[in-house]
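Here the structure comes first, spelled out in structure tokens, and everything after it is commentary.
Read-outs: derived from the displayed coordinates by stated rules, not from any lab. Keep in mind the model is a prediction, meaning the values are calculated, not measured. Heads up, the Cβs are rebuilt from the backbone with ideal geometry, glycines too, and the neighbour counts pull from every protein chain shown.
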Amino acid sequence: MNTLTREPRESDRSQAEQFMTPPASVREIGDGYTLEIEMPGVKKEGLEISVENNELTIIGRRSLPTVEGTLMHRESRPENFRRMFEIDPSIDADKISAKIDQGLVTLTLPKAEHVKPRKITVS
Amino acid sequence: MNLIRYHAPESTPWPALDRWSNLRDELNSFFDMPLSSGFGRTSQLFTGWSPALDLYESGDHFVAIIELPGMRKEDIDISLHDGTLTISGERKHESNNGETAQRTERYVGTFRRSISLPTRVDAGKVSATYEDGILKMTLPKAEEAKPKQIQVS
């Protein structure tokens, strides 16, 4: 079986908005896949998930805490997050669900009924 | 007369070629990684998890912000020792039977970040919140380190 997820090469880099690519993990469980993406600083309202032409796009817009004072040391990056995946044809795109908890987006991507393992009884 | 026709032993013209193709695969898999992420993430592969940390200073306190997505509050430790703030913790691997990892970019395991603060802070008054995967610590400066206005009489 193919992986859930091949990533399309991002060819259009000339877009106005710059995104960073957050780390993601994909696990296959019996009748679907679980996709986890790290998006610290993103609230439920800042999350935008879409499927178009078999391409799953997850955008996370950050609402970072505002801090008064002088910045002395910085490692964080200001860009929003974006991750794209090409979804396997076995996935039922209508049944994809998502949640976000402490900056971790979890997507559940169930397989379509016709590809689920089925036992055929011999009569 | 031979019963079986003689075949020249099959020789590979470049015995080392196999190793080269392995190396090529390695390199290819490296280039398959999303590069737009910059080096922050790629370096995680080699150094472990090093969450991003920002430090701000204002008149009477410091604010440290660290990105820790998908943690549990109980798994984060904050300590202050000799003016060094250390944040450590562990992200546990939650696995269920019968699942296969298809792609693993998220780091699982322990991390430790330390930063030395330029002035002393009042350890007893440090407070922290954890929201949206971001840990925000407020560290009030110790009395003697606070800026003071001296009146000219």
Over 20 Å between Cα atoms, which of A:LYS95/A:LYS119; A:LYS44/B:LYS125; A:LYS43/A:LYS99; A:LYS43/B:LYS73 qualify?
A:LYS95/A:LYS119; A:LYS44/B:LYS125
Inter-centroid distance (Cα atoms) of region B:68-108 relative to region A:22-41, Å
16 Å
Computed over the Cα atoms of chain A, the Rg and Dmax in Å are 17.7, 77
Computed over chain A, the relative contact order (Cα-Cα under 8 Å, seq sep at least six) in percent reads 32 percent
How far apart, in nm, are the 7 Å Cα→Cβ label points at B:THR129 and B:ARG112?
3.0 nm
